[in-house]
Each structure stands twice: as C-alpha cells, then as structure tokens.
C-alpha cells in the first residue's frame, strides 16, 4: 500500500448548541511522506477547502497541544482532540475522536515508517530544478 484515503468524522464547533458533522477526506501518500491532506469539501459551492498538515504535527497533537499559526492541534478531553484552522475568513474549531485520528496515523506509519520519510522522496526532479536555475 503506497497511499491511504480515509474519511474521518469531525465536528465543526459552530457555537451555541449546534455542531456540524463533517466527513473529512484525509489522504496520505508515500510520494508526499511528510504531509496529510485534509479535504473538507466545497465551502462556497465552487472551491474545495483543503488543508495540508505535517504528519509529525498531527502525531504530536494527540498528546499535547502543538502547532502555531494557522493550524493547532491538541487534546480536547479524554476521548477527543481538537484541530483549529485559521485562514482569511477566520478560525474553524473542530473536534475528532482521538482514537480515529490515532488509527489513521498508525496506518500511515505502516506505509512510511516515522523517521524514514526522506527515503521516499524522489530528489532527482528537485535537484534538477535547483541546478538549472
């Protein structure tokens, strides 16, 4: 298995008594071993909201608050983690079952072992671009 696509259930904290249930498409590939691509779907009927997060950041956030700037993750309570995404339109606060996120990340580690990401990167095109510049 070289890639993984899973729809993870998340809840968007909308304020008040109502949360919005989302099925976020999470993609991981050995071709881009440091990143997890999270597709939240169409937000304005036209554009998809896709966030790219460091796999290492997501793993660290399972146990301790981590991140800075536009993506923060950490424990919410004993069974859930939060993800805060900040963009031009404001901040979205989500929560996800920690077990679900942990299982997804464990599966990514079977595709590319943690710490072994550099061995999966095809450096040739990048080096060619740098040398031809």
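Derivation of every value follows stated rules applied to the coordinates shown; laboratory data play no part. The structure presented is a predicted model; accordingly, all values stated were derived computationally and were not measured. A quick note on method: Cβ atoms are made from the backbone with ideal geometry, for glycine too, and the neighbour counts reach across all protein chains shown.
Using a cut-off of under 14 Å, list every residue of region 73-88 whose amide N is near the label point 7 Å from the Cα of residue 99 along the Cα-to-beta-carbon line.
78-81
D for region 3-132, whole µm²/s, Stokes-Einstein with Kirkwood Rh over alpha-carbon pairs at 20 °C and 1.002 mPa s: what number?
136 µm²/s
Using the count of nearby Cβ atoms within 10 Å as a rough guide to exposure, how do 104, 34 rank from fewest to most?
Lowest to highest Cβ neighbour count: 34, 104.
Given 0.36 nm per residue, what is the gain on full extension from residue 64 to residue 37 after removing their alpha carbon distance, in nm?
Working it through step by step, the gained length comes to 7.6 nm.
With labels modelled as points extended 7 Å from the Cα through the Cβ direction, what inter-label distance (nm, one decimal) is found for residue 51 paired with residue 127?
Placing both labels 7 Å beyond Cα along the Cβ direction yields 3.6 nm.
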